[in-house]
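This report refers to the structure that appears directly beneath it.
Laboratory data are not the source of any read-out in this text; all were calculated from the coordinates shown. Note that the structure is predicted; figures quoted are calculated from it, not measured. Glycine also receives a Cβ, built like all others from the backbone with ideal geometry; neighbour counts cover every protein chain displayed.
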Amino acid sequence: MAITKIQSESLNLADDFAFTGTITGAGGTNTPNFLVYQNANLSIDSNVETKVNFNSVLYDTASGFNTSTYIYTIPSGQGGKWFLNLKLRKNNFSGNSFRAIIKVNDSTYLEWDNSSNGDAFTTTNGSIVKNFSAGDYFVCYVKHNDSGTRQVFSGVNDSFFFGYKIIE
């Protein structure tokens, strides 16, 4: 079905349409965007807030992530609504408190706790959507109160941090 002129508001979206020419204003790319992960398991002591060493970059379209400081900084001109997601997978915990934390500009902004889940290898995963300004920066931390030193799994499938600017 080719559309030559729409005369009413009765367009059937279940139909197939074959467009010719250029279509503008549709879709878009949620950029900048990034996904980082750690390339080795992270050891964390009990009751200590430990910075997650995301030192590997799968993609980072605006080069906002610093693999030495483990900080993502929103690039100049890229303030606006952002989607962020943090996932951390614990390695052989006894089920006590396990917290994933995102700090914005050095202040705790979000914290997820899976203390009610006794599985020794579960993940803590959380997402947010919020307006941020250019120059705002994000750092991820983990904390547990299990006995002794524990680990957070490494690898892009187990523990990662990603985000992107939402097109509005």
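Assign unit charges at the C-beta atoms only (+1 for Lys and Arg, -1 for Asp and Glu), then state the dipole size of the stretch 34-165 relative to its Cα centre in Debye, rounded to the nearest 20.
The dipole of the stretch 34-165 has a size of about 200 debye.
Expressed as a fraction of 2.2 N^0.38 Å, the value expected for a compact globular protein of N residues, the C-alpha radius of gyration of the stretch 34-165 is 1.01. Bridging of K103 to lysines at a Cα separation below 27 Å is possible for K51, K81, K87, K90, K130, K143, K165, once same-chain residues fewer than 8 apart are set aside.
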